[in-house]
Amino acid sequence: MSNDKAVLVGVDGSDASYKAAWWAANYAKHAGLTLQIVCAYSLPSYAAVSFDATYTTMGDDVAAHNDAQEILSKAKAIADEQGVGAATLIVTGDPSSVFVELSRNYRLIVIGNRGKGGLAERLLGTTSSSLPAYAYCPIVVVPYTDDDGNLMHLSNDIKRVAVGSDESKWGLKALQIAAAFADSWNAELDVMSAVPNISGLTGTGSSEERSVMDSYLDDLNTRIEPLMKTYPDLRINKTVVPGSAVEALTQASKTHDVVVVGSRGRGGFTGLLLGSTSQGLLQHAVSPVYVVPRKYVEAEESGLKAAAEAAETTDVAEITGVEQVSVDSAKPEQLADLESTIDPEHEE
């Protein structure tokens, strides 16, 4: 399999993951990329369960493998309906390390959020093992509901993109990616710069506060200037916001189709994913979050990515724990039921 122009989406049978598959298929179709769908599962320990533990484990493995194929068939049907042919993969064992390894081979990885346990919880867990923080390619996290459990509606068209911008190399890369992404959709780009700790200055609206805000705006204008030359038709708006970067982008997710952010940096926007993801943007955004990871930026900066692309790549199916399988798409009535569940407001 050639993956330099492929999008990978992870599914686990949850409605949240099927919604991620829908977003990934829609994006792959728009961008002219291929799509691959992966289902990950792991088996519990069967020590002391029975004398014939090997047989018990094997039986459960067969059942789990069959379940994975059924899950893949539903996700494949979602892609088929959008005219996107998809290859299907199964990952066994702990998916965290496998997905990080897989991320070396793809243009983009898409996962769902706010499912009950399963793949999303394992891939988004703590920052020490969070896929968005440690992947070698960008990650899109698609929310299923808001914090109150209200189902999120997805649109075929992306019209507004927000990006958190600061002067770190991760923030600059996120800005470049957001501009290219917005331009490809003919969307409007809102560039936001956060001013932390401004409340400590002398009064709201004071000359000192205005001076700090103006300084941030000047820096923002400098960062945007090259983009205006590269994308002359791109509509770019700029905003300097006081206070929390997490709060600013979470609020932006309510009015934008996609929010773009870097995953490393000190303070500001790119530092917001260093804390607990359960308290950050990924857990509270109500639109897909496009994360630009540290390793992705560093690999490009050092030339490792270019070197890897020039070398002969390893087939994804040869990665330990990854198996390419062939499945049939789910039946039309199954697809109709699934789509009415994940997004009843969706219209073609």
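The numbers here are math on the coordinates, done by the rules we state, and not lab data. Everything numeric here is computed off the predicted structure, so don't read it as measured data. We place every Cβ from the backbone using ideal geometry, glycine too, and count neighbours over all the protein chains shown.
Laid out as a table, the results:
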item: FRET efficiency, residue 228 to residue 107 (Cβ-Cβ, R0 30 Å, nearest 0.05); result: 0.70
item: Cα→Cβ-extended label distance, 7 Å offset, between residue 148 and residue 30, nm; result: 2.7
item: Under-5 Å amide H pairs with residue 88, H placed in peptide plane, nonlocal only; result: 37, 325
item: Förster radius 22 Å - calculated FRET efficiency between residue 326 and residue 62, Cβ distance, rounded to 0.05; result: 0.80
item: Extension gain, residue 301 back to residue 221 (0.36 nm per residue minus Cα-Cα distance, nm); result: 26.5 nm
item: Table column - 3J(HN,Hα) (Hz), segment 284-295, Karplus curve with 6.51, -1.76, 1.60, x for Gly and Pro; result: 10, 5, 10, 10, x, 10, 9, 9, 9, x, 4, 5
item: Residue 255 versus residue 214: modelled label distance in nm, points set 7 Å from Cα along the beta carbon direction; result: 2.5
